[in-house]
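Enquirer: This is the structure I want to talk about, given as structure tokens.
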Amino acid sequence: MSKFRAHHLLALLPVIAILGAPWFANRVEPFVLGMPFLLAWIVAWVLASSLVMAVIGILDRRTKRR
């Protein structure tokens, strides 16, 4: 089991972006790729969460090598 590292806090970024979206991104206009803005925001962050997890994995491997 690995220790908690500061870069693990990056995992909170997609959670905060998705849960906080209804307060500032809750609108129908503009449409993004045919989707209302809120739906496009959520889809974008679901995809971005994969990138964030990849970055965390890369940083974990770097710290493990040290």
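Enquirer: Which residues among region 1-40 fall inside the zone where the amide N is under 15 Å from a point 7 Å beyond the Cα of residue 49, along Cα→Cβ?
Expert: Inside the label zone: 10-22, 39-40.
Enquirer: Another question, if that's okay. Counting each DSSP H run of 4 or more residues in the chain as -39500 (n - 2.57), what helix-only mean residue ellipticity at 222 nm follows after dividing by all residues, to the nearest 500 deg cm²/dmol?
Expert: Working: 2 runs with 42 residues, N = 66.
For the chain, the value works out to -22000 deg cm²/dmol.
Enquirer: Pop out the ³J(HN,Hα) list for region 4-10 in order, Karplus 6.51 cos²θ - 1.76 cosθ + 1.60 with θ = phi - 60°, rounded to Hz; leave Gly and Pro as x.
Expert: Running phi through 6.51 cos²θ - 1.76 cosθ + 1.60 with θ = phi - 60° gives 6, 10, 4, 6, 5, 5, 4 Hz.
Enquirer: I would also like to ask the following. Need one number: nm distance between label points at residue 28 and residue 3, each 7 Å from Cα along Cα→Cβ, rounded to one decimal.
Expert: It is 5.4 nm.
Every number in this text was worked out from the coordinates using simple rules, so none of it is lab data. Treat the numbers as computed from the prediction; the structure is a model and nothing was measured. For neighbour counting, all protein chains shown are included, and Cβ atoms are generated from backbone atoms with ideal geometry for every residue, glycine included.
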